[in-house]
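**Student:** Here it is, the structure in full.
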Amino acid sequence: MFDRFKKISSINEAVLGLIQNDIGEILVVARRGTKDMWGFPGGKVEFGEDHEGALRREVYEETGIIVSVGEYIYSNEVSGTIVTTYRVIVDLMPEDLCGDAGPVKWVTWGELIERSAFAEYNTAVRCYAYDPSC
């Protein structure tokens, strides 16, 4: 059966995971090549990979966290790449958060938007994560 989410073309796609803790902070990773710009864990969807597999792989590589993919939140084109964000459910949280992308930390929404290269996209994710009618 055809999987409508499986990457079958050369269109650039990326998936991101929204992970929140019990006090509403967002888990972010340092974007490659910078230590002061932050974003949701995630990355490129590889050819033949579906969104779920790509997101599980990317979150694990960047944070060491094993996750399940939850509900779709938001999607838009950013710098020539179709970026889609999902809620993720933490299945296994390691004692030390670390991964191949660099530092990992918990921040508030305000801190994320202030320290993000994609503030407009992250603002939309925040809106749709809590009020899908925005």
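**Student:** Compute for the chain: radius of gyration divided by Kirkwood radius, i.e. Rg/Rh, restricted to C-alpha atoms, rounded to two decimals. Spell out each step's value before the answer.
**Tutor:** On the way: Rg = 14.0 Å, Rh = 14.9 Å.
Radius of gyration relative to Kirkwood radius: 0.94.
**Student:** Hey, with R₀ at 25 Å, roughly what FRET efficiency would Glu71 and Glu114 work out to, going by the Cβ-Cβ distance, to 0.05?
**Tutor:** 0.45
**Student:** How long is the gain from Asp91 to Val107 if the chain were fully straight, where each residue apart is worth 0.36 nm and the alpha carbon distance is subtracted?
**Tutor:** Length difference between fully extended and current span is 3.7 nm.
**Student:** What is the fewest-to-most order of Asp91, Asp50 by other Cβ atoms lying within 10 Å of their Cβ?
**Tutor:** Ordered from fewest to most neighbouring Cβ atoms within 10 Å, Asp91, Asp50 come out as Asp91, Asp50.
**Student:** Separate question: How high is the relative contact order of the chain, given as a whole-number percent (alpha carbon pairs under 8 Å, six or more residues apart)?
**Tutor:** 28 percent
**Student:** Here is a follow-up. Grab the other residues whose beta carbon is less than 10 angstrom from that of Leu27, score K and R as +1, D and E as -1, and report the net.
**Tutor:** Charge balance in the 10 Å sphere: -1.
**Student:** Can I ask one more? Counting Lys +1, Arg +1, Asp -1, Glu -1, what net charge surrounds Val69 among other residues with beta carbon under 9 Å of its beta carbon?
**Tutor:** 0
**Student:** Can you sort Arg57, Arg32 so the residue with the fewest Cβ neighbours within 10 Å comes first?
**Tutor:** Sorted ascending by nearby Cβ count, the order is Arg32, Arg57.
**Student:** Using alpha-carbon positions, what is the distance between the centroids of region 96-131 and region 20-89, in Å?
**Tutor:** A separation of 10 Å, based on Cα centres.
**Student:** Taking the Cβ of each residue in Val45, Val69, Val107 as the centre, tally the other Cβ atoms inside 10 Å and list the residues starting with the fewest.
**Tutor:** Taking fewest neighbouring Cβ atoms as first place, the list is Val107, Val69, Val45.
**Student:** Using θ = phi - 60° and the Karplus curve 6.51 cos²θ - 1.76 cosθ + 1.60, what whole-Hz ³J(HN,Hα) does each residue of region 70-75 get, with Gly and Pro shown as x?
**Tutor:** x, 6, 5, 10, 6, 8
**Student:** In nanometres, what is the gap between the two model label sites at Phe47 and Gln20, each 7 Å from Cα along Cα-to-Cβ?
**Tutor:** 3.9 nm
**Student:** Where does the chain land at 222 nm, in deg cm²/dmol rounded to the nearest 500, when only DSSP H runs of n ≥ 4 count, each adding -39500 (n - 2.57), divided by all residues?
**Tutor:** -7000 deg cm²/dmol
A short reminder: the numbers here are calculations on the coordinates, not readings from a lab. Since this is a predicted model, take the numbers as computed values, not measurements. Note that each Cβ is placed from the backbone with ideal geometry, even for glycine, and that neighbours are counted across all protein chains shown.
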